[in-house]
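Remarks on the structure that follows.
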Amino acid sequence: MRVLVTEVHTVLTMSLCRAFQELGVEVLLMGPGFEEADGGMPRVDRGLFRSPAGILDAWGVRNTTIAGPEILDEEIDLLLVTGHYVQRQMLRSVWPRLARNPRARLGFFCGNQMPHYRYDLAQNVLCADAFTEAALASRIPNFRTYYPWIFYDRFFDGGPSDEPVLGTYIHQFQRRYRRDFDLTRAIIDSVPGLRLDVVENQDSGQVAARMRASMATMHIKPEEGYGYSVIESLASGRPIVLPRKYVRDRTMARWLEEGRSALLFDSAGEAQAKLVRLLADAGQRHALQQASARLIRQRIDNAEQSRILQSFLEDLRPQPRPNLWNLCLDLRHNHRPDRMPRR
């Protein structure tokens, strides 16, 4: 089987490539040549293409090729759209060429809160978002709740840490989420002796090392579904400090448990009090760190997720040919999953 994956997030892309590798599936990624061929096709994360061979090798990915537009004339079994921001270009420029092959299938991956796919016409969906799962699991013919591959060998349990540092790993945190960044800074500054480590634009090896050099992670981000940095922090044995409202009814609630893998708060004052105790109480700190590493490995098992991915591939449904253009998002129309008409 050959899968063409849209690259919008390097960690997600590497996770999918690694999971497909376990199943013996060949992965193709769209190289820079697609930008000229398809009128400036957007790509959110261009880091992979600065040094593709080096990055693929660093992540242990051996089943993946970065291809040019000519690949669209070959047989592709699955086009996997991994971000709603590229679906228009995929469905306008890429899918019509792939669909000439009657074996070709169209699938979507959903990892964030309420992405704007045309779910009313989707046939194959991999989903790591609890909101979308609740709304659509019974409505889409081939729907699987799936958690992408976690690189536990890279984000290994760092053991107990007494460093008075909390890390934050949100991409463009200060620029995109200024209010949440300011709240994070204010909370950390209110705890004497505690420091904030803002980690951005680092490769995964550096991120993992910075995580292990901290005692916990502060993660204040409003629209988080799956939360890679949250999972990586837990895997490294670093509990998460975040607002309770950002966990409730979300996928993260399945592995963020108060007093076991997370310190949840409703106010800055509550966060301050919990961090003061965390800094002072080595016993509580070490127990949280150890429990975090154990819990995430119990909740997300790569072998189990590979079996789910295999069943998804075995049950791929054809895309109805009529009205394919309607799959493209009309920004004037609300396609929220909870407002989607029932079949």
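Within segment 149-186, take every residue that is β-branched (Val, Ile, Thr) and part of a loop (DSSP other than H, G, I, E, B) and give me the one that is modelled with the lowest pLDDT. Before you say what the answer is, go through the steps one by one.
Filtering segment 149-186 down to residues β-branched (Val, Ile, Thr) leaves 150, 165, 168, 170, 184.
So of that shortlist, the ones also part of a loop (DSSP other than H, G, I, E, B) come out as 150, 170.
Numbers: Ile150: 96, Ile170: 91.
It comes out as Ile170.
For segment 153-186: of the residues being within 14 Å of Gly237 (Cα to Cα) and within 24 Å of the chain's Cα centre (by Cα), which is surrounded by the fewest Cβ atoms within 10 Å (Cβ to Cβ)? Here the answer is Asp153. When residues in segment 120-148 are screened for being of a type in the set (Phe, Trp, Tyr), modelled with pLDDT under 95 and either crowded, with 23+ Cβ neighbours inside 10 Å or not assigned by TED's automatic domain parsing to the domain that holds Leu12 (or both), 0 of them pass.
Selection of segment 222-253 for residues being closer than 21 Å to Glu200 by Cα, buried (at least 24 other Cβ atoms within 10 Å of the Cβ) and of a type in the set (S, T, N, Q) yields Ser233, Ser236.
Residues of segment 71-112 that are crowded, with 18+ Cβ neighbours inside 10 Å and of a type in the set (S, T, N, Q): Thr82, Gln87, Gln89, Asn112.
Of all residues in segment 71-85, those being among the aliphatic types (A, V, I, L, M), within 26 Å of the chain's Cα centre (by Cα) and either assigned to a loop (DSSP other than H, G, I, E, B) or more than 21 Å from Arg144 (Cβ to Cβ) (or both) number 1.
Looking across segment 222-235, the residues that are touching a Gly at 6+ places or on another chain (Cβ under 8 Å) and either at pLDDT below 95 or not assigned by TED's automatic domain parsing to the domain that holds Gln284 (or both) come down to Gly225, Tyr226.
Just give me the residues in segment 1-27 being assigned to a helix (DSSP H, G or I) and among the β-branched types (Val, Ile, Thr), in sequence order. First the steps, then the outcome.
Pass one, segment 1-27, residues assigned to a helix (DSSP H, G or I): 10-22.
Result: Thr10, Val11, Thr13.
Of the residues making up segment 104-116, those that are over 12 Å from Val3 (Cα atoms) and in a loop (DSSP other than H, G, I, E, B) are Gly111, Asn112, Gln113, Met114, Pro115, His116.
Take segment 253-274 and flag every residue that is within 20 Å of Ser229 (Cβ to Cβ) and in contact (Cβ under 8 Å) with a residue 40 or more places away in the chain. Of everything in segment 253-274, those that are within 20 Å of Ser229 (Cβ to Cβ) and in contact (Cβ under 8 Å) with a residue 40 or more places away in the chain turn out to be Ala253, Arg254, Trp255, Leu263, Ala271. Among residues of segment 76-92 that are closer than 17 Å to Val27 by Cα, those with a Cβ under 6 angstrom from a residue that is part of a helix (DSSP H, G or I) and at pLDDT below 80, sequence gap 6+ or separate chain, pair up as Val81/Gln87.
Quick check on Arg88: is it in a strand (DSSP E or B), out of contact with any Asp or Glu (no Cβ under 8 Å at 6 or more places or on another chain), assigned by TED's automatic domain parsing to the domain that holds Trp59 and of a type in the set (Lys, Arg)? Let's see the steps before the verdict.
Working: in a strand (DSSP E or B): no; out of contact with any Asp or Glu (no Cβ under 8 Å at 6 or more places or on another chain): yes; assigned by TED's automatic domain parsing to the domain that holds Trp59: yes; of a type in the set (Lys, Arg): yes.
Considered against the rule, which asks whether it is in a strand (DSSP E or B), out of contact with any Asp or Glu (no Cβ under 8 Å at 6 or more places or on another chain), assigned by TED's automatic domain parsing to the domain that holds Trp59 and of a type in the set (Lys, Arg), Arg88 comes out as no.
The values are calculated or read from the model by the stated rules, or taken from the named source; none is laboratory data. All of these numbers come straight from a predicted model, not from anything done at the bench. Positions of Cβ are backbone-derived with ideal geometry, glycine not excepted, and every protein chain shown enters the neighbour counts.
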